[in-house]
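Here's the structure we're looking at; comments come further down.
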Amino acid sequence: MLFLKVLITFATNMTQNLTGESHQPGRIEVVCGSMFSGKTEELIRRMKRARFARQRLIIFKPAMDTRYSQEDVVSHDHNAIPSTPVKTAAEILEKVGDVDVVGIDEAQFFDEGIVSVCDTLASRGVRVIIAGLDMDYQCKPFGSMPQLLSIADDVLKVHAICIRCGRNAYVSHRKVDVDGQVMLGEKMEYEPLCRECYRKEQARVKGYVSKLFE
């Protein structure tokens, strides 16, 4: 009898969860943070949940991001989900079709048109789930992420662990001496650092450069 009650409670909760999932209004959800913080992992989780609720969905990523796969969106933990690579934000509206949920990974790499694209989709009643870096390796706002954050209905900032002290990471520190805001890379090129460890690293580099010119 107890087992039956537990089973009924579980089934009821599951039905309520899926009903809530399938009746999401048009909205924009942004998942942001540094590299290695689980942004793409969270995007994949939400998209798979929507698929489980039998919603129509499609995922887009910048065509330039071929680190793990030409086609799939892949997290650093190697979880993957099929996606549609596009070169411009405008292509998203051209290829989106009739769907309930749109996922967009690495949003910081898209042109500024990504903001109006997401707003247009949400106005149509589509749930838009975005993952992206909010800051670049110099702690500066990255691409159109500030605008996306400002128009979002919901924002989740996730954190990696600082590789040096174990606190919440603040920035994706670039370990290689390469200029330019955009540079695809992984653990060989970047490391997550907290604000304090990043400050110390910047001071160390400046001190080293100063000695070269003494």
- Between residue 56 and residue 139, how many nm apart are label points set 7 Å from Cα along the C-beta direction? 4.6
- Task: Round to a whole angstrom and tell me the spacing of the C-alpha centers of region 27-41 and region 139-177.
- Result: 9
- So how far apart, in nm, are the two label points at residue 202 and residue 123 if each is 7 Å from Cα heading toward Cβ? 3.9
- Query: Quick one: which of 196-203, 140-147, 125-132 comes out on top by average Cβ neighbours within 10 Å, and what's the full order, highest first?
  - Reply: 125-132, 140-147, 196-203
- Task: Extending each Cα 7 Å along its Cβ direction at residue 167 and residue 155, get the distance between those two points in nm, one decimal.
- Result: 2.1
- Task: Could you order 105, 177, 154 by accessible surface area, starting with the largest, using a probe radius of 1.4 Å?
- Result: 177, 154, 105
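Note the full-extension length gain between residue 93 and residue 116 as 0.36 nm times their separation in residues minus their Cα-Cα distance, in nm to one decimal. Present the calculation step by step, with values, prior to reporting the outcome.
Numbers: separation 23, 0.36 × 23 = 8.28 nm, distance 1.03 nm.
Between residue 93 and residue 116, full extension yields 7.2 nm more.
The values are calculated or read from the model by the stated rules, or taken from the named source; none is laboratory data. Everything numeric here is computed off the predicted structure, so don't read it as measured data. Note: ideal-geometry Cβ built from the backbone for every residue, glycine included; neighbour counts use all protein chains shown. When the accessible area is computed, the model is the full protein with side chains, heavy atoms only, and any ligands, DNA or RNA have been set aside. Shrake-Rupley method; radii C 1.70, N 1.55, O 1.52, S 1.80 Å.
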